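Asks: Just passing along the structure, written as structure tokens.
Computed from the coordinates by the stated procedures, all read-outs in this text should not be read as laboratory data. Note that the structure is a prediction, hence the values are computed from the model and not measured. With ideal geometry, Cβ positions are generated from the backbone for all residues, glycine too; neighbour counts draw on all protein chains shown.
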Amino acid sequence: MTGLDHTAWPLLLACLAGGYLLGSIPFGLIVTRFAGLGDVRAIGSGNIGATNVLRTGRKGLAAATLLGDALKGTAAVLIAKQFGLEAALVAGLGAFLGHLFPVWLGFKGGKGVATFLGVLLALSPLGLLAFAVIWLGLAFSLKYSSLAALIASAATPIVLWATGQPRVALLFLLLAALLWWKHAPNIRRLIDGTEGRIGQKG
């Protein structure tokens, strides 16, 4: 974002704020309450993301949460993209921060994987494809969804840089760092050998 005219900053701040507001929509909380299941934060990990919504036993609600959390990132970027790449990048950052730290929920949000993917879809479908290939390969071989997501997210900035998208790569370097930070409990369980595997009962 070097060389921006000072008149561009109000637009970028508006895109950041708009992205944040979109990203802060807690779809997991909304769909579970609408379905009469109460507050999803009261079960499982207490998270508002699709993985915890799945613990209600309602796969459809988990899928709706995943889709909503992804598409709010996509929407934020696409709306801002008409004002240029810088605006789109800032909106994507705002959406991700909104999901992680929603003001409506005391700044306690989700872990960010779905929104990460939604922003990636809008900025680089090729990057999303690379993420999917890496995640699927690792998830099937290692049986750890969280580990697959962590490695795929770390590889994403490298893929973006290698495919000639340096500014997008820098954004996803920051998003990946935030995603890893939000997954600190999963990382500790992976180190301890207590992280749940894909398909594991109980």
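Asks: Quick one: which residues, 5 or more positions from Y144 or on another chain, have an amide H under 5 Å from its amide H? H modelled 1.01 Å from N in the peptide plane, none for Pro or chain starts.
Replies: Amide H neighbours of Y144: I198.
Asks: When the helix-only estimate is applied to the chain (DSSP H runs of n ≥ 4, each -39,500 (n - 2.57), divided by the residue count), what is the mean residue ellipticity at 222 nm, nearest 500 deg cm²/dmol?
Replies: Result for the chain: -22500 deg cm²/dmol, rounded to the nearest 500.
Asks: Would you order W161, W135, W104 from fewest to most other beta-carbon atoms within 10 Å of each residue's own beta-carbon?
Replies: Listing W161, W135, W104 from fewest to most nearby Cβ atoms yields W104, W161, W135.
Asks: For a paramagnetic label modelled at 7 Å from the Cα of L67 toward its Cβ, which residues of the stretch 123-163 fall within the zone defined by backbone nitrogen distances under 16 Å?
Replies: none
Asks: Can you give the convex hull volume of the alpha carbon atoms of the stretch 35-191 per residue, in Å³?
Replies: Dividing the Cα hull volume of the stretch 35-191 by its residue count gives 117 Å³.
Asks: I need the calculated FRET efficiency for the pair A132 and D192, taking r as the beta carbon distance and R₀ as 22 Å, to the nearest 0.05.
Replies: 0.20
Asks: Would the stretch 11-98 count as rounded, prolate or oblate if I go by the C-alpha gyration tensor, calling it rounded below 1.5 in a/c and otherwise prolate when a/b exceeds b/c, oblate otherwise?
Replies: In terms of gyration-tensor shape, prolate.
Asks: Hey, which lysines would be in cross-link range of K72, C-alpha to C-alpha under 25 Å, not counting anything within fewer than 8 residues on its own chain?
Replies: Those lysines meeting the cut-off are K59, K81, K108, K111, K182.
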